[in-house]
Amino acid sequence: MNLYKYESEKDFQQKVKDLARRLGYLTYHTYDSRRSDPGFPDLVLAKIPRVIWIECKSEKGALTEAQWIWIDILKQCGREVYVIRPSMWDELVDILS
């Protein structure tokens, strides 16, 4: 049984933040984005010399058009941007290590 499919995006995002902090990253998340422009990635992680943008999604969560635009433009600017799902935990650990 795939237990990942039952993890909420909110719970998963907190686990990502906890991992990042344990690995020495500063983390930023806009907690109430209702007044923010749409699509900006969920998390920004910083640890010299890196800045990483992460969009957290549940296993079945879909990206909005605004999220795709932000991810695309950040990548075109040469930035590290990832869409991470619970089943990608091992990959995330590798990315942040």
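Every number here is computed from the coordinates shown, using simple stated rules; none is lab data. None of the values given here were measured: they were computed from a predicted structure. Methodologically, a virtual Cβ is constructed for each residue, glycine included, from the backbone with ideal geometry; neighbour enumeration extends over all protein chains shown.
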Subject >> Any chance residue 96 is out of contact with any Pro (no Cβ under 9 Å at 6 or more places or on another chain) and surrounded by 14 or more Cβ atoms within 10 Å (Cβ to Cβ) >> reply: yes
Original post:
Restricting attention to region 27-73, and to residues there that are in contact with a helix residue (DSSP H, G or I) (Cβ under 7 Å, 6 or more places away or on another chain) and among the aliphatic types (A, V, I, L, M), which single residue is nearest to residue 92 (Cα to Cα)?
Top reply: 54
Subject >> Number of positions in region 35-60 that are touching a residue at least 40 places away in the same chain (Cβ under 8 Å), assigned to a loop (DSSP other than H, G, I, E, B) and surrounded by 15 or more Cβ atoms within 10 Å (Cβ to Cβ) >> reply: 4
Subject >> Residues of region 61-89 that turn out to be touching a residue at least 40 places away in the same chain (Cβ under 8 Å), more than 13 Å from residue 20 (Cβ to Cβ) and in a strand (DSSP E or B), as a count >> reply: 1
Subject >> Within region 40-91, considering residues that are of a type in the set (Asp, Glu) and more than 21 Å from residue 7 (Cα to Cα), the one nearest to the chain's Cα centre (by Cα) >> reply: 80
Original post:
Identify, please: which residue in region 74-89 is out of contact with any Lys or Arg (no Cβ under 9 Å at 6 or more places or on another chain) and either aliphatic (A, V, I, L, M) or within 24 Å of residue 60 (Cβ to Cβ) (or both) and is, among those, surrounded by the most Cβ atoms within 10 Å (Cβ to Cβ)?
Top reply: 82
Original post:
Of all residues in region 44-62, which are farther than 20 Å from residue 24 by Cβ and not hydrophobic (A, V, I, L, M, F, W, C)?
Top reply: 55, 57, 58, 59, 60, 61
**OP:** Tell me, please, whether a residue that is part of a strand (DSSP E or B), within 15 Å of the chain's Cα centre (by Cα) and under 14 Å from residue 83 (Cβ atoms) can be found in region 19-31.
**Re:** no
